[in-house]
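S.K.: Here it is, the structure, as structure tokens.
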Amino acid sequence: MNHQTTPATGPMLGTTLFSFTNPFHSRKCSFEQLLRKVAELEIGPGVEIIGFQSIRGFPVVDDDFASRFRDLVAELGLKPTALSINADLAIRRGTPLDDDALARYLEPQIRAAAKLGFPVVRSQFSASAETVRRLVPLIESLGLKLGPEIHAPLGVNSPPVMQYREMYDKVNSPCLGFIPDFGASARGLPPQYLAILRAQGIERATLDLALGIWRGPGEPHWKREEFNRRATEQKIEPIKASALSVMFSILSSHPPASWLEIMPQIIHVHAKFYDVDDQGVEQAIPYEEILPVFVRGGFRGSMSSEWEGHMYSNDDGFDQVQRHHAMCRRIFAEAGVRAA
């Protein structure tokens with residue numbers, strides 16, 4: 001007899017509506033239409049939203065909106081995974097919010113997540129570890145999990161992340177964690193992005209200088225400073241140097257295996273990508289290396305496809321997210337698990 005083993009269930013795929021910024025901002029699709037599109041194209045079941053982007057009047061969420069949202073995702077067979085909130089430290093001009101004030105600013109956003117049925121809240125490192133510590137009783141009382149997004153140029157051992165890790169060790173709450181962004185483990189810059197830079201008149205030698213530093217050794221912050229120093233030394237036009245220095249913030253090259261160090265504390269994932277080509281490969285981010293790391297680490301949580309091609313493209317993103325899901329399912333299958 002031929003006994004076939006059913007693959008273990010892996011992470012749950014989904015999508016952040018941030019991927020569809022172009023059709024949303026151009027008003028080709030409403031919030032409800034985007035949710036229906038996610039269901040129609042089968043790029044759920046997970047769905048993540050950014051509170052201030054998707055909900056008028058956020059963080060105020062009235063009972064009618066919350067009820068309609070819960071009913072709609074249930075109707076569509078979608079599962080809310082994460083609500084992204086903003087830690088706007090400088091919302092008052094000239095006076096940064098202190099820990100108490102920022103905690104008060106974040107509280108209604110966190111309550112909105114619970115009201116809408118999101119189990120995870122994605123925060124930002126602009127909220128200090130002390131601010132989040134003060135919010136732990138609220139987070140625990142609502143049955144939520146909260147974590148900052150580890151976005152390039154940060155990695156698992158960057159100083160802001162280490163401050164959180166130290167606080168987590170002291171507080172020891174199961175409600176606290178991290179949300180990796182795969183752009184922190186990139187292998188290069190998106191080809192389309194480089195084409196845009198060339199079209200803007202960036203000389204080949206100048207672009208090669210920036211790329212050489214980006215690909216070389218050193219911490220991302222040092223790389224950016226080194227590029228700016230050498231750009232000044234070589235008298236590169238400030239506007240061109242500024243355009244190039246952005247690359248040191250949007251993507252960084254921390255080793256994929258470094259995520260294992262915090263794997264037990266990962267509560268959700270931003271599966272950042274820019275372009276999945278006709279061969280099912282993302283050129284800028286090594287998914288064939290990253291996803292097996294998460295399988296090996298035992299991660300079984302939610303993962304949002306996050307297309308950021310709208311940085312340089314007017315595309316609606318729908319086809320790209322479909323390609324991304326297909327790529328992730330293939331890689332997970334090769335690693336011996338079935339994406340939920």
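The values are calculated or read from the model by the stated rules, or taken from the named source; none is laboratory data. On a predicted model such as this, the values are computed, not experimentally measured, just so you know. Positions of Cβ are backbone-derived with ideal geometry, glycine not excepted, and every protein chain shown enters the neighbour counts. To get the accessible areas, we keep the full protein, side chains included, count just its heavy atoms, and leave off ligands, DNA and RNA. Shrake-Rupley method; radii C 1.70, N 1.55, O 1.52, S 1.80 Å.
S.K.: Starting from region 185-213, take each residue that is closer than 18 Å to ASN228 by Cβ and list its partners that are of a type in the set (Val, Ile, Thr) and open to solvent by 10 Å² or more (accessible area, probe 1.4 Å), counting only C-beta distances under 6 angstrom and pairs at least six apart or across chains.
M.R.: The qualifying pairs are THR206/ILE236.
Condition check ((1) open to solvent by less than 60 Å² (accessible area, probe 1.4 Å); (2) touching a strand residue (DSSP E or B) at 6+ places or on another chain (Cβ under 8 Å); (3) assigned to a helix (DSSP H, G or I)) across all residues:
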residue	(1), (2), (3)
ILE285	yes, yes, no
ARG300	no, yes, no
GLU306	yes, yes, no
GLN320	yes, yes, yes
HIS324	yes, yes, yes
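S.K.: When you go through LYS145, LYS115 one by one, which is the residue that is open to solvent by 40 Å² or more (accessible area, probe 1.4 Å), over 30 Å from SER253 (Cα atoms) and touching a residue at least 40 places away in the same chain (Cβ under 8 Å)?
M.R.: LYS115
S.K.: Find all pairs meeting these conditions: Cβ atoms under 9 angstrom apart; at least six residues apart or on different chains; first residue within region 123-142 and in contact (Cβ under 8 Å) with a residue 24 or more places away in the chain; second residue assigned to a loop (DSSP other than H, G, I, E, B) and open to solvent by 60 Å² or more (accessible area, probe 1.4 Å).
M.R.: GLN124/LEU89; SER126/LEU89; SER126/ALA90; ALA127/LEU89; SER128/LEU89; THR131/ASP98; GLU140/PRO174
S.K.: Any residue at all in region 269-282 that is in a helix (DSSP H, G or I) and surrounded by 22 or more Cβ atoms within 10 Å (Cβ to Cβ)?
M.R.: Scanning region 269-282 turns up no residue that is in a helix (DSSP H, G or I) and surrounded by 22 or more Cβ atoms within 10 Å (Cβ to Cβ).
S.K.: So which helices (runs of 4 or more DSSP H) stay within region 9-97 end to end and still have 1 or more residues that are small (Gly, Ala, Ser), in contact (Cβ under 8 Å) with a residue 60 or more places away in the chain and surrounded by 18 or more Cβ atoms within 10 Å (Cβ to Cβ)?
M.R.: Once the helices (runs of 4 or more DSSP H) in region 9-97 are filtered for at least 1 residues that are small (Gly, Ala, Ser), in contact (Cβ under 8 Å) with a residue 60 or more places away in the chain and surrounded by 18 or more Cβ atoms within 10 Å (Cβ to Cβ), what remains is 51-54.
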